[in-house]
């Protein structure tokens, strides 16, 4: 099935440990995004990418790094995890909104729950 | 930066009744996109309905409809004939036009909808 796949779905880390979340999409989307979801705050944008080899900061980028070496993959890294990074992380992808008819919808992954102790 | 506000953290509705979820947003753009997403306990983000700002007609999708008031920057969601399966978190979201780098989605804080049998 076409879509956005996130791995892992769950992870528990200790403070100071590092990890990488992988997002893979098979829809040939140009744009990819990483969001975090916290209670009462909706989803907030961490980083985004408008194409292979390009990344940019979103609303809450501190403590995270990203890479987009291949068009279909968007990696989110935590170099030194902190308890404040306990959250549910969502990856999403889309075409740019050039096509008024249909291609302006983001497709989301199922989320990755990260707990930092 | 654009902001999206959902002033109702929780709402409840009786099965088969109608409920309206509120959303306001702030933008200086004239052409943009608005969405309502549903997030059931499975965490999956599901697109409910979308509205393009240049269209005056309110979008409808079966039992879901919106009241889009562009001048007031208001975008409410009406759910008719509420069903138990409608119970979920609902997020209002605003998407920048493609001319703005990243073309990203900005979310409100969410409204938890409970449906009483």
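What follows is calculated from the coordinates using simple rules that are stated; it is not laboratory data. Here the structure is a predicted model, which means the values were calculated and not measured. As a convention, Cβ positions derive from the backbone with ideal geometry for all residues, glycine included, and neighbour counts pool all protein chains shown.
Neighbour counts of other Cβ atoms within 10 Å put A:31, B:94 in the fewest-to-most order A:31, B:94. Spatially, segment B:69-117 and segment A:7-52 are offset by 21 Å when compared through their Cα centroids. Convex hull volume per residue, computed on the Cα atoms of chain A, equals 101 Å³.
Using a 10 Å cut-off around each Cβ, can you sort A:108, B:75 from fewest to most neighbouring Cβ atoms?
Ascending number of Cβ neighbours within 10 Å: A:108, B:75.
What's log10 of I(q)/I(0) for segment B:3-116 at q = 0.14, 0.15, 0.18 Å⁻¹, Debye sum over Cα points only, no solvent? Rounded to two decimals, the profile gives -0.53, -0.61, -0.86. As a proxy for reagent exposure, B:11, B:45 were ordered by neighbouring Cβ count within 10 angstrom, fewest first; the result is B:11, B:45.
Compute the whole-percent fraction of alpha carbon pairs in the protein assembly as shown spaced more than 29 Å apart. When every Cα pair of the protein assembly as shown is considered, 28 percent fall beyond 29 Å.
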